[in-house]
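The values are calculated or read from the model by the stated rules, or taken from the named source; none is laboratory data. Computed from a predicted structure; not experimentally measured. Cβ: placed from backbone, ideal geometry, glycine included. Neighbour counts: every protein chain shown. For the accessible areas, the whole protein counts, side chains as well, though only heavy atoms, and no ligand, DNA or RNA atoms are used. Shrake-Rupley method; radii C 1.70, N 1.55, O 1.52, S 1.80 Å.
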Amino acid sequence: MISMWCTVYPLYAHGKRLSAEAAKARGHYGWLYMRPKVPITGQPDPRAYLLPAPPASTDAPILSSILELECCTLRAISRGIRLTGLEPRPPSSWTVHRQSWWIIPGARP
């Protein structure tokens with residue numbers, strides 16, 4: 001299990017690779033949680049979740065969405081961590097899109 005505060009930059013949108021500028025503009029800060037197995041059975045099921053960070057003030061709105069990555073693999077790269085996997089698909093769609101996250105561990109930028 002991996003868990004940490006970090007900034008996550010999704011590198012794909014709807015299966016298409018984003019430019020470096022577009023990816024940097026889409027960064028999300030929060031608590032990353034990755035589990036390699038189902039906790040009780042031990043069945044392999046690598047998933048990652050980015051939970052939104054609490055707002056700096058009580059007046060700020062809380063990000064309601066949780067980012068999720070299925071069937072993910074973890075890899076250390078020169079400027080952080082890269083998680084590669086699949087975006088969860090909506091129940092009404094058969095299309096599955098690949099996704100990669102560039103992760104910068106640590107405090108909010």
Residues being at pLDDT below 85, over 21 Å from TRP31 (Cβ atoms) and not aliphatic (A, V, I, L, M) - total across the stretch 83-108: 7
Every residue from the stretch 70-79 that is part of a strand (DSSP E or B) and either open to solvent by less than 40 Å² (accessible area, probe 1.4 Å) or not basic (Lys, Arg) (or both): GLU70, CYS71, CYS72, THR73, LEU74, ALA76, ILE77
Failed item, numbered, when LEU51 is tested on (1) in a strand (DSSP E or B); (2) at pLDDT below 90; (3) over 18 Å from GLU87 (Cα atoms): (3)
Selection count where residues are part of a strand (DSSP E or B) and closer than 19 Å to THR7 by Cβ, scope the stretch 80-107: 13
Residues satisfying the stated conditions in the stretch 1-60, i.e. among the small types (Gly, Ala, Ser), open to solvent by 40 Å² or more (accessible area, probe 1.4 Å) and more than 23 Å from GLY106 (Cβ to Cβ): SER19
